[in-house]
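The values are calculated or read from the model by the stated rules, or taken from the named source; none is laboratory data. Note that the structure is a prediction, hence the values are computed from the model and not measured. Here the Cβ positions follow ideal geometry from the backbone for every residue, glycine too, while neighbour counts run over all protein chains shown. Ligands, DNA and RNA are excluded from the accessible area calculation, which covers all protein heavy atoms including side chains. Shrake-Rupley method; radii C 1.70, N 1.55, O 1.52, S 1.80 Å.
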Amino acid sequence: MTRGIRNNNPLNIRRTAASQWKGLSVVQSDSEFCQFQTLEWGWRAAFRLLTRTYYQKYRLNTIRAIVSRWAPPLDNNNTGAYIANVARLTHITPDEPLGNPTEHPARWLLLGVAMAIQENGTTGLDWFAMLRGWEECGR
């Protein structure tokens, strides 16, 4: 099982001093990444980051813009390959606007799923938990 799946954190959200996510595990034994009680809570946090922080706060609206901030080359990521893989999986070009998450939820769901596959592969991903996380994202 990958680290993201073990941590119920499909997008590998990093821990910070300000990490106050709903559904965090009481014990945080991973020094780098948040650990959630369930995969649903991890998906909720991921979608809140993508739709609230990246889209609403930073006005990032393309795969290239989002992934460049999510997995920057400074953190030893192959950002170009990450962008290309997410674009390939979603069938959305890197610079094509994703649109408003409220009006185009399927595009944001595709983005989250493709990023989770990039982070973890496909083993252990629970699509029902992903959909429940999306539903909870607005709360």
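If you go through the range 13-70 and keep only what is among the β-branched types (Val, Ile, Thr) and within 22 Å of ALA114 (Cα to Cα), you end up with ILE13, THR38, THR51, THR53, THR62, ILE63, ILE66, VAL67. Scanning the range 23-59 for residues that are closer than 13 Å to ARG6 by Cβ and of a type in the set (Gly, Ala, Ser) gives SER25, SER29, GLY42.
Does ARG6 qualify as being under 26 Å from PHE128 (Cβ atoms), open to solvent by 60 Å² or more (accessible area, probe 1.4 Å) and not β-branched (Val, Ile, Thr)?
yes
Look at the range 27-47: where a residue is within 12 Å of ALA129 (Cα to Cα) and modelled with pLDDT under 95, no partner that is among the acidic types (Asp, Glu) and assigned to a helix (DSSP H, G or I) sits 6+ places away or on another chain with Cβ atoms under 7 Å. Just one residue in the set TYR58, TYR82, TYR54 is touching a Leu at 6+ places or on another chain (Cβ under 8 Å) and of a type in the set (Phe, Trp, Tyr); that residue is TYR54. Specify which of the listed residues (SER68, SER29) is outside any helix (DSSP H, G or I) and surrounded by fewer than 21 Cβ atoms within 10 Å (Cβ to Cβ). Sole residue among the options that is outside any helix (DSSP H, G or I) and surrounded by fewer than 21 Cβ atoms within 10 Å (Cβ to Cβ): SER29.
Residue count for the range 93-109 under the criterion of being open to solvent by 70 Å² or more (accessible area, probe 1.4 Å) and under 11 Å from ARG64 (Cα atoms): the result is 3.
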